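Report on the following structure.
The values are calculated or read from the model by the stated rules, or taken from the named source; none is laboratory data. Keep in mind that what you see is a predicted model, and the values were worked out from it rather than measured. Virtual Cβ from ideal backbone geometry, glycine too; neighbours counted across all protein chains shown.
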């Protein structure tokens, strides 16, 4: 038995390094590979909150902790009491993570989660707090003005970087540090944020986990709206509304500034859930797309969309199921992996107070009515810190740490894609004609394939790097 913290450490062992088909499908659908799978047949990853015991040639893996289920009895508790308890828990979690013998700061995007963490630091008596944000030239993707607004209100020593993000130059650095296909493009600004933060401090606190714990993603809201939308007859939804929406050009702006992109995401959610209620993750490539891309039958690219341990599935509504799946898979395998790799690459330690087990257990027990109130996300978290923050982060909806990938593939990434993905000198992991068609469609502005193209570019760059190390 061999184990390591990175895949490349196992490179010279006599293991099965053939591509795991199910992992490739996961990556192309969702942008990350869920543990315990890795991209290779012969290697598995130990899942979070599990331990492995190997004795006398026998291997046993078992969990030592799992997040609790929602407690319906809490619905009778006063909201003010729950808000106060949440506030105390977050402050305590921040307090523990302020212990440091080296300079310490915090990420500050201007969104609710990072603002709450910085406000708690201030409330605990921290002075001269250094906060860090990164900005974009493309206005629809840029959160830096909101970060500056919160920083001014809280009185932090604010550092804002507007360094040009050159994804093509960074591509193979990302490949090397992530070690296997990883398609979340927000790794690019996260890399630069960690790089700039490390110039000033050694430890930084982050707001990671707030969306998954307190119902922050807009797809949770979309799932609630879907219950009303699906009251319409399916032929009306599929043949009329969805057909029209999918014909409209969507542009390359951030989806929050594009009604067409929002509508496309919504009708895609309707289609996925109608066909399979367990297919709850957003999909970059759908089953029929993957069949073409991988030159195979549709049945061979289907897999279990959820392999979460839920002993009381039937007691949870669809939004709670989405959140639990995110906590068990998307959060550790995508979000926390992203920050861990980018921060460690720059010798920066990032601490996430929302990941304190006491905060996690409180959030998981909290009934949905305290998280999603009507169409307002993170209701209790907003209430708990209403007196500590300016009105802007309390009112704003989720703004993802997204990059203008669509514009980049009209510009500098086009040539990189042609060289890495379409060049005959590189091994083909997908149907090259389909990969070429996607780029052509994007260039003509029919559909914003930016993030799909990035998935294919990262995959082939990783394969090229792996073959060469």
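Here are the numbers:
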item: Sole exception among (1) on the phi < 0 side of the Ramachandran plot; (2) touching a strand residue (DSSP E or B) at 6+ places or on another chain (Cβ under 7 Å) for residue 49, by number; result: (1)
item: So residue 33, is it in contact with a helix residue (DSSP H, G or I) (Cβ under 7 Å, 6 or more places away or on another chain), over 25 Å from residue 214 (Cα atoms), in a loop (DSSP other than H, G, I, E, B) and at pLDDT 95 or above; result: no
item: Strands (runs of 3 or more DSSP E) fully within segment 37-129 counting 1 or more residues that are closer than 19 Å to residue 339 by Cβ; result: 104-107
item: Answer residue from segment 260-298, given it is under 20 Å from the mean Cα position of the chain (by Cα) and not in a loop (DSSP other than H, G, I, E, B) and is surrounded by the fewest Cβ atoms within 10 Å (Cβ to Cβ) among those; result: 262
item: Residue 32 closer than 30 Å to residue 283 by Cα and within 22 Å of the chain's Cα centre (by Cα); result: yes
item: Among the residues listed as 433, 448, 441, the single one being at pLDDT below 90 and either assigned to a helix (DSSP H, G or I) or within 24 Å of residue 223 (Cβ to Cβ) (or both); result: 448
item: Residue tally, condition touching a strand residue (DSSP E or B) at 6+ places or on another chain (Cβ under 9 Å), in contact (Cβ under 8 Å) with a residue 40 or more places away in the chain, outside any helix (DSSP H, G or I) and under 30 Å from residue 392 (Cβ atoms), over segment 152-191; result: 4
item: Criterion: in contact (Cβ under 8 Å) with a residue 24 or more places away in the chain and surrounded by fewer than 20 Cβ atoms within 10 Å (Cβ to Cβ) - qualifying residue of 454, 465; result: 465
item: Residue check for residue 55: surrounded by fewer than 21 Cβ atoms within 10 Å (Cβ to Cβ), within 30 Å of residue 215 (Cβ to Cβ) and at pLDDT below 95; result: no
item: Number of the condition not met by residue 407 [criteria: (1) part of a helix (DSSP H, G or I); (2) in contact (Cβ under 8 Å) with a residue 24 or more places away in the chain; (3) surrounded by fewer than 16 Cβ atoms within 10 Å (Cβ to Cβ)]; result: (3)
item: Conditions (1) assigned to a helix (DSSP H, G or I); (2) buried (at least 17 other Cβ atoms within 10 Å of the Cβ); (3) touching a residue at least 40 places away in the same chain (Cβ under 8 Å): number failed by residue 148; result: (3)
item: Search result, residues across segment 36-49 that are over 16 Å from residue 61 (Cα atoms) and in contact with a helix residue (DSSP H, G or I) (Cβ under 8 Å, 6 or more places away or on another chain); result: 38, 39, 40
item: Scope segment 192-213; condition assigned to a helix (DSSP H, G or I) and under 18 Å from residue 353 (Cβ atoms); matching residues; result: 193, 194, 197, 210, 211, 212, 213
item: Some residue of segment 214-229 being closer than 30 Å to residue 338 by Cα, at pLDDT below 80 and in a loop (DSSP other than H, G, I, E, B); result: no
item: Search result, residues across segment 1-21 that are surrounded by fewer than 17 Cβ atoms within 10 Å (Cβ to Cβ), in contact (Cβ under 8 Å) with a residue 60 or more places away in the chain and assigned to a helix (DSSP H, G or I); result: 8, 21
